[in-house]
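**Student:** Sending over a structure as structure tokens; questions will come in a sec.
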Amino acid sequence: MTLLSIDDLVVEHRSPGRPVVRAVAGASLTVGPGEVVGLVGESGCGKSTLARAVCGLDPITEGSITFDGEPVTPLGLRRRRLTGIQMVFQDPYASLNPRRRVGDQIADGLRTVRDTATAPADLLERVGLPREFAGRHPHEFSGGQRQRIAIARALAARPRLLIGDEPISALDASAQSQVARLMRDLAVESGAGLLFISHDLSVVRLIADRIAVMYLGRIVEVGDTAEVWADPRHPYTRALLRAVPKPDGLGVLPAELPGDVPDPANPPGGCRFHPRCPLVMDMCREKDPDFGPVACWLHDQR
Ligand code: SF4
């Protein structure tokens, strides 16, 4: 059974006087109930734009997104809370209102689903925080604690799909795997799907049932986590597995690859990865390997 289905999704960004940027350029992906899918790739590859489109925050240019069989369309904040999709953002300092007590912010979600039986403090307990934190303000907490509060707030609306958009990249190392595992446990125990977006494959490996690897707006490899980890088949996936996290926590450096991710406003022809690929062949410059689960001419189309 499929909860979320993304089919050949294209999302373009347009601004006056500038070239059109195809941030997502034909990506397909599914998430089932109780399934954890990790979406990985370098900064600027289109992961966050894909997440925003799933939440109805960015309009779809081509392709489709369906959630529970219904098409996802751009929505205002109030209606978005009712869709069953909740997002946990990267920056736990910006995502909470500094002037409101955290219990009041969690109560907003409970009201959305008319849940009068659950108290905000109950949800704080579920994310491993003391009940009395409900009466405090965000500035009284560490980054890891704030991200737990953001997760509690997301859970209050009883989502059937939880999306984490780099939810651990602003946290210190000790909090990263704790928060990632917490999101997994809470999603799975409630039967919700989790789309967990990260540049860090090593953390995704800990929690995801399947991994999808994104490069320049496309999913280039998707498969069971253990299989991808043991036998990465796309040259980009292999490079990511050997990648070194940047000290600023904002991305990864696939050390063996030349150059950066190309400008999505002017992507290379043929295989989008060919200028950086150590295994590039003549046909890669001409023909786009537009198929899955491994988008590479070195692998069979299935
Ligand atoms: Fe490399 Fe060619 Fe495969 Fe692209 S299609 S990843 S350039 S070998």
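Any read-out appearing in this document is the output of simple, stated calculations on the displayed coordinates, not a laboratory observation. Computed from a predicted structure; not experimentally measured. Note that each Cβ is placed from the backbone with ideal geometry, even for glycine, and that neighbours are counted across all protein chains shown.
**Student:** How far is helix 102-112 tilted, in degrees, relative to the longest principal axis of the Cα atoms in the chain, given as a value from 0 to 90 rounded to the nearest 10?
**Tutor:** Between the helix axis and the principal axis of the chain, the angle is about 80 degrees.
**Student:** Right, something else. Using a simple spin-label model with points 7 Å from Cα along the Cα→Cβ vector, what separation in nm is obtained for Arg18 and Ala119?
**Tutor:** 4.8 nm
**Student:** So, in nm, how far is label Thr112 from label Glu189 when the simple model puts each one 7 Å beyond its Cα toward the Cβ?
**Tutor:** 2.1 nm
**Student:** A further question on this structure: Compute the helix-to-body angle for 143-156: its Cα long axis versus the longest principal axis of the chain, expressed 0 to 90° and rounded to tens.
**Tutor:** The angle comes out near 80 degrees.
**Student:** Relative contact order of the stretch 118-198, please, whole-number percent, based on alpha carbon pairs below 8 angstrom and at least 6 residues apart. Working shown, then result.
**Tutor:** Numbers: 85 pairs, mean separation 23.8, N = 81.
That works out to 29 percent.
**Student:** Give me the one-decimal Kirkwood hydrodynamic radius in Å for the stretch 126-207, with the sum taken over alpha-carbon pairs. All intermediate terms of the calculation are to be shown ahead of the outcome.
**Tutor:** Numbers: mean 1/r = 0.0763 Å⁻¹.
The Cα-based Kirkwood calculation yields 13.1 Å.
**Student:** Report the extension gain between Glu62 and Gln178 in nm, rounded to one decimal, defined as 0.36 nm multiplied by the number of residues separating them, less their alpha carbon distance.
**Tutor:** 38.1 nm
**Student:** Where does helix 173-190 land angle-wise versus the long Cα axis of the chain, in degrees 0 to 90, nearest 10?
**Tutor:** Tilt relative to the chain: about 80 degrees.
**Student:** Okay, next question. Counting C-alpha atoms alone, how compact is the chain: give Rg to one decimal and Dmax as a whole number, in angstrom.
**Tutor:** Expressed in Å, the Cα Rg and Dmax of the chain come to 19.4, 64.
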